[in-house]
Amino acid sequence: TDISIKTELSDYEKDGNREEDTYRISGSVNFRLDSTHSFLLKGYTYDWDFTHGYPGYSYGYKYGNVGYNQGEVQYTWDINEWNTFITGGEAQVQTIDYIIENSDSTIVTVNKDVTTSSIYFQDEAVLFNKLTLVGGARYDDHSTFGSDINPKFSMMYQPRESTRFRASVGTSFKSPTIRQLYYSIPYRHSSFYARSNPNLKAETAIGYDLSVEHWMMNRKLMINLGYFRNEVEDMVIREDTGTLYNGLTLMEYRNVEKALTQGMEFMC
């Protein structure tokens, strides 16, 4: 049995306009039943109390609390020398409770809890000592956006000791943030105002990755070349509304029907 606990405490103050108190506590228990079965329990909690600015401050007066709690249980079964099965569940709760007083005396109130429950599984198989296949799926149930299933498949082929080819394809689900959804009125953000949009949809995407890794000079130099592509539906962006709010540009969070990101990566 392996037990791990980590704690972080922080007290930050900047004269005149910023005070923050935070703590983070994370822990895990890894319990191996025998040579083939093990359980992993993990937990994480985070709390942030803050005061930014002061009444009448040109960038707004913000104060309140943000919290995040997460728990996970995972089971691993080493079926044999070439096959490993993993399954687990996870629960997350994000809480926000704070107030923004804009310089025009308008008040933004935010008091919201968002929960996400998930289950997942993954199977990894090594074939012929050269080909590794990994397949899995994750089910998420979001308190605002409902449920979604996202599978992923990846592989690694190693024709020789110094060379590896990797490929993966999978789908993903990303919910908008509380800031993007639930702020009651526009809030100042640097040189503009931003407005939430409660009608936002969650982002969904399918992503592809290809890469080759090669060791040279008796494993003293490694080069890696990769390509990635992500096709996103309903990507959340911040867009100019074409109007002003308190004399500054008013931006609003909106969905883009289709978006594409792709590129090359090189590492040496």
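On a 30 Å Cα-Cα criterion, which of the cross-link pairs 14/174; 6/112; 62/174 come out too long?
Those over the limit are 14/174.
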Residues residue 104 and residue 50, FRET efficiency given R0 of 30 Å [Cβ-Cβ distance, rounded to 0.05]: 0.85
[x] 21.1, 65; [y] 23.5, 69; [z] 29.6, 97, with the label sought being that of the calculated Rg and Dmax of the Cα atoms in Å: [y]
Sites residue 2 and residue 22, calculated FRET efficiency, Cβ-Cβ separation with R0 22 Å, nearest 0.05: 0.25
Translational D in µm²/s for the stretch 176-268 (Stokes-Einstein at 25 °C, 0.890 mPa s, Kirkwood Rh from C-alpha pairs): 151
Charged-residue dipole, Cβ positions (Lys, Arg, Asp, Glu), the stretch 111-262 about Cα centre, Debye nearest 20: 520
Area of residue 184 that stays accessible when all protein chains are in place (1.4 Å probe, Å², to 10): 70
Centre separation in Å (Cα based) which lies between the stretch 1-38 and the stretch 103-132: 18
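If you place +1 on the Cβ of every Lys and Arg, -1 on the Cβ of every Asp and Glu, and leave all else neutral, what size is the dipole of the chain about its Cα centre, to the nearest 20 Debye?
With only Lys, Arg, Asp and Glu charged at Cβ, the dipole is about 800 debye.
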Residues in the stretch 219-244 that a label on residue 157 would reach, taking backbone N under 20 Å of a point 7 Å out along Cα→Cβ: 223-229
The stretch 45-66-the stretch 191-268 distance, computed between alpha-carbon centres (Å): 29
Among 155, 66, 105 the positive-end extreme of the charge dipole of the chain (Cβ point charges): 155
Where labels lie 7 Å past Cα in the beta-carbon direction, separation of residue 260 and residue 87 in nm: 3.9
Extended-chain gain in nm, criterion 0.36 nm per residue less alpha-carbon gap, residue 169 and residue 59: 35.3 nm
Heavy-atom accessible area per residue - the stretch 78-132, 1.4 Å, Å²: 57
Two-site FRET efficiency, residue 192 against residue 268, from Cβ-Cβ distance with R₀ of 35 Å, rounded to 0.05: 0.30
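The values are calculated or read from the model by the stated rules, or taken from the named source; none is laboratory data. The structure presented is a predicted model; accordingly, all values stated were derived computationally and were not measured. Glycine gets a Cβ as well: all are built from the backbone with ideal geometry, and neighbour counts include every protein chain shown. Areas reflect the complete protein model, heavy atoms only, side chains present, ligands, DNA and RNA absent. Shrake-Rupley method; radii C 1.70, N 1.55, O 1.52, S 1.80 Å.
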